[in-house]
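Structure record follows, encoded as structure tokens.
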Amino acid sequence: MTETTGMREGTRARAGAWFAFAACLAFACVVAVKPLAATENGDATLPKRAKAVIETHCTVCRGDTQSADGPIQSLEEIADDPGLVMPGRPDASPLYLRLARARPLREVKEGSDANVVAPSPEDIEAVRDWIASLPLREDGCRDRTLVSADDIAALVRRWADAVGPEDAAATRFVSLAHLWNACTAPMRMMELRIATATLLGALTGRREGLQLETLGEKSVLLAIRPGAEALKVSGWDRLTADAPLSASGAVPADWLAARVLSERKDDDANAGSIGQTVLDKAGERAVSALARHWTRDVDLVRAAAEQGVPPNALRKALMTVGGDLLVPSRRLAHGAVPRDAWQRLSHALDGAPKARVEKEREKTDPRDAVDVVLWPDRPSYRPRDLVTFNVRVDKACHLTLIGVDGEGQATVLFPNELEPENLVAPSVTVRVPGNTAGYQFRFEKAGEETVVAICQRDARRPQGISYDYERQRFALLGDWREFLRTAETREKNIRARQEVQAARRKRRGRAPVEKEPPPVAPKEAGVEGRTAITIVIEPGGGPL
């Protein structure tokens, strides 16, 4: 770690492990970044404690019902849902961010609902630690041979050659290849395969004797001949007319489940049935779980699996998308987006007509009080590379960026002494550092980096953070996990210190310290947006 040469006399130059300052004179101050180390938690009771918190505080974790008394999904399903959890990365996980926003950030104001029970710091910490203990989703693809579109086409050709032209013309295919390529665990794949067979049995009205065969060594392609059964070929073709078919004509199994359940929901006369068969409770749960794989949010791994390309290749393509799709493309490059947003992006990447893209864009509704999107300026980095962070919000708010280093030490990247103003306007891309900021960020060595973005409408700074630019150009928060645990106590200490300083100045006859300008929306206490990204710095790079 180097030290600054241009800071005030008597000031400690340490800026956390995130930063190693070069000379800050007339030229830019270059900030070096250290890699983020993974944390491990061997607490066997952690899943049980996390589930208890989720059952109490997470409505969106209750499957399709999303009601306070509905059944919660299993922890495995929650962990597998990109719209809730980014395994190993709690700061980027919507579930954790929802709990953090639900927690009262300041004193309960008069007239507010005192009966609302928010998660405690210990509750939030338990969920955070559980998410941090989960293996990365992409780890499920280690040593896994992916199934390509060419592989599927070859299976279909071999099938047609084996059964002859007549049977081949009446055969339809259902694919789970994209689920396999999206790193779904083998045991989970078996469950989804059974759910698909249950769905097809219900569609054809035959629980037994169904002409259904599994093709290939990985059992990711199912062949079905509807024939003269309850669902004929013509009915199948009508049902799947809008399916996102592969080149070989295979229908995604999870899409089929979502489509069938949607049609059944819209048809009160057939409530509780699919085709001629009524699903029992176990079958209903299995098919609904299969459908959620299609209707839930899509992360980069799943999107790449559907596109048939490696995730890094898709990220590079997404970073070139602009116009109306800039925000969802950047969000997907480092996180997850709703299914309809991915469908728009997928069509755009495939060269679909703009009219189709615009038609689907109308389906998307804003989900958060303040929607924050954060992305770096490049799809990949190597040591010694400079990096600029980009942020867009949908409402005016006060932005804070926080970096966490490999030892868990947190530093406020923005605002800082050189860029102290942090009010950002909606629908405008904010660059940090700015073009004339007088400092830069640089990755120091290979590893991972995490940046957390918080944008608030009711305050200029997050709870527990104070700025003293006489001593630190970039505010040091210490251990990030400890900071989150003690933020409320820190905030009380900050306010107590401010009151003491104000009283001292008053006794000495000095003018009071100038108050901060009012927040954007003081009546909307607690309204904020949070997000985070993790950046992988690949080995290589040159000397400084």
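Taken together, the values in this text are just the output of simple stated rules run on the coordinates, not laboratory data. Not measured: the values here are computed from a predicted model. A quick note on method: Cβ atoms are made from the backbone with ideal geometry, for glycine too, and the neighbour counts reach across all protein chains shown.
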Gained length - Ala446 relative to Ser219, 0.36 nm times residue gap less alpha-carbon distance: 77.9 nm
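Between rounded, prolate and oblate, where does the range 120-206 land on the alpha carbon gyration tensor, with a ≥ b ≥ c its root eigenvalues, rounded for a/c under 1.5, else prolate if a/b exceeds b/c? Don't jump to the answer; show the numbers that get you there.
Details: a/c = 5.08, a/b = 2.12, b/c = 2.40.
Oblate shape, in that a/c is at least 1.5 and b/c is the bigger or equal ratio.
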Alpha-carbon radius of gyration plus Dmax, which is the widest Cα pair, for the range 400-450 in Å: 12.5, 35
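Check each of the GluC sites (Glu not before Pro) in the range 439-499 and keep only those in coil by DSSP with at most 15 other C-beta atoms within 10 angstrom; list them in order. Spell out each step's value before the answer.
Numbers: sites: Glu444, Glu448, Glu449, Glu470, Glu482, Glu488, Glu491, Glu499; in loops: Glu444, Glu470.
Those that pass, being in a loop and sparsely packed, are Glu470.
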In the range 132-186, trypsin sites (Lys or Arg not before Pro) in a DSSP loop with at most 10 other beta-carbon atoms within 10 Å: Arg142
Protection proxy ranking, peptides 289-298, 217-226, average beta carbon neighbours within 10 Å, highest first: 289-298, 217-226
Low-density loop cleavage sites - trypsin sites (Lys or Arg not before Pro) in the range 419-450, where at most 16 other Cβ are within 10 Å (DSSP): Lys445
